[in-house]
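Student: Take this structure, written in structure tokens, and hold onto it; I'll ask about it next.
The values are calculated or read from the model by the stated rules, or taken from the named source; none is laboratory data. Please read these numbers as outputs of a predicted model, since none were measured by experiment. Heads up, the Cβs are rebuilt from the backbone with ideal geometry, glycines too, and the neighbour counts pull from every protein chain shown.
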Amino acid sequence: MNVIAALWMRQLKRYVRSRARIVGALGQPLLFLLGLGFGLGPVFQKAGQGNYIQFLTPGVVAMTVLFTSVFSGIELIWDRQFGFLKETLVAPVSRLTIMSGRVLGGATVAVVQGLLVVAISFLAGFRVADWSAIPLALVFMALMALLFTALGTAIASLLSDFQGFQLIMNFLVMPTFFLSGALFPMRDLPWALNILVHINPMSYGVDGLRGALTGIAFFNPALDMAVLAAVAVFFLLLGGYLFSRIQL
């Protein structure tokens, strides 16, 4: 437990010390909120769908959690190249313990980043429908963070250079986000797109978070949580297995 806590604190210290990282990670969410939120807002409203800022904000928060979580895997590659990972792995603890500490640290950073976006979204006009549902929103954010941090760790465990990680992330992260219903309603979609949206675990995270923050959901909240929890457990097990097989 001491090792897990130490690695968790190390991830948080990295985040707090990197002011450029904090500011830079907010750039893309702000672009989506301001550019899409106000640019497509009138079109969305004329289509009878209501306030687009209200609809878009949970998707942008989920996007922030997704990107921050997955790209925490880059730190694993960084630690491998500069020798810190080797020093960590020779410690008399299991690799699963080390991986757990890294995942918890990365997931915590992702949730904090998501909360910052929620706070900023109020300046754009977003309003929470029911404040008593905030704990539920935090649960969905935490599940998404654990899921995608474990996925990023699993992928980084197979790679040894930054270029390969960036390539895989571009083919995985962007489709995962755009096919999650973060930017568009999931009703009345073409059948092919509908299938992709339903098999995408991110869709259930976005829907659960939107339901908690705005009171409007497409799936059942219990289904959202069950799917996220099941997929998170799968990727945690996969990430733990691949991390245990890292060759230095």
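Student: Out of (1) surrounded by fewer than 19 Cβ atoms within 10 Å (Cβ to Cβ); (2) over 30 Å from residue 244 (Cβ atoms), what's the single condition that is false for residue 97?
Tutor: Only one criterion is unmet by residue 97, namely (2).
Student: Same structure, new question: Report yes if residue 72 is farther than 19 Å from residue 160 by Cα and either surrounded by 15 or more Cβ atoms within 10 Å (Cβ to Cβ) or at pLDDT 80 or above (or both), otherwise no. Even if it seems obvious, please write down each step before you answer.
Tutor: Values: farther than 19 Å from residue 160 by Cα: no; either surrounded by 15 or more Cβ atoms within 10 Å (Cβ to Cβ) or at pLDDT 80 or above (or both): yes.
When the stated conditions are applied, residue 72 does not pass them.
Student: Of all residues in the range 144-175, which are small (Gly, Ala, Ser) and modelled with pLDDT under 85?
Tutor: Here is the first cut: in the range 144-175, the ones small (Gly, Ala, Ser) are 145, 150, 152, 154, 156-157, 160, 164.
Matches in the range 144-175: 156, 157, 160, 164.
Student: Within the bounds of the range 174-192, is there any residue that is of a type in the set (D, E, K, R), surrounded by 18 or more Cβ atoms within 10 Å (Cβ to Cβ) and more than 20 Å from residue 75 (Cβ to Cβ)?
Tutor: no
Student: Please find, among 209, 223, 238, 242, the residue that is in contact (Cβ under 8 Å) with a residue 12 or more places away in the chain, touching a Phe, Trp or Tyr at 6+ places or on another chain (Cβ under 6 Å) and hydrophobic (A, V, I, L, M, F, W, C). Please lay out each step first, then the result.
Tutor: Details: 223 fails: touching a Phe, Trp or Tyr at 6+ places or on another chain (Cβ under 6 Å); 238 fails: touching a Phe, Trp or Tyr at 6+ places or on another chain (Cβ under 6 Å); 242 fails: touching a Phe, Trp or Tyr at 6+ places or on another chain (Cβ under 6 Å).
None of the others qualify; the one that does is 209.
Student: I'd like the full set of residues that are surrounded by fewer than 24 Cβ atoms within 10 Å (Cβ to Cβ) and within 12 Å of the chain's Cα centre (by Cα), limited to the range 139-163.
Tutor: 142
Student: Working only within the range 151-205, note down all residues that are assigned to a helix (DSSP H, G or I), free of Cβ contacts under 8 Å to residues at least 12 places away in the same chain and within 16 Å of residue 217 (Cβ to Cβ).
Tutor: Listed by number, the list holds a single entry, 198.
Student: Is it the case that the range 127-142 has a residue that's among the aliphatic types (A, V, I, L, M), touching a residue at least 12 places away in the same chain (Cβ under 8 Å), in a helix (DSSP H, G or I) and closer than 13 Å to residue 67 by Cα?
Tutor: Quick first cut of the range 127-142, residues among the aliphatic types (A, V, I, L, M) only: 128-129, 133-134, 136-139, 141-142.
Next, from what is left, pick out any that are touching a residue at least 12 places away in the same chain (Cβ under 8 Å): 128-129, 133-134, 136-139, 141-142.
Keeping just the survivors that are in a helix (DSSP H, G or I) gives 133-134, 136-139, 141-142.
So of that shortlist, the ones also closer than 13 Å to residue 67 by Cα come out as 141.
Checked against the condition, which is being among the aliphatic types (A, V, I, L, M), touching a residue at least 12 places away in the same chain (Cβ under 8 Å), in a helix (DSSP H, G or I) and closer than 13 Å to residue 67 by Cα, the range 127-142 yields at least one hit.
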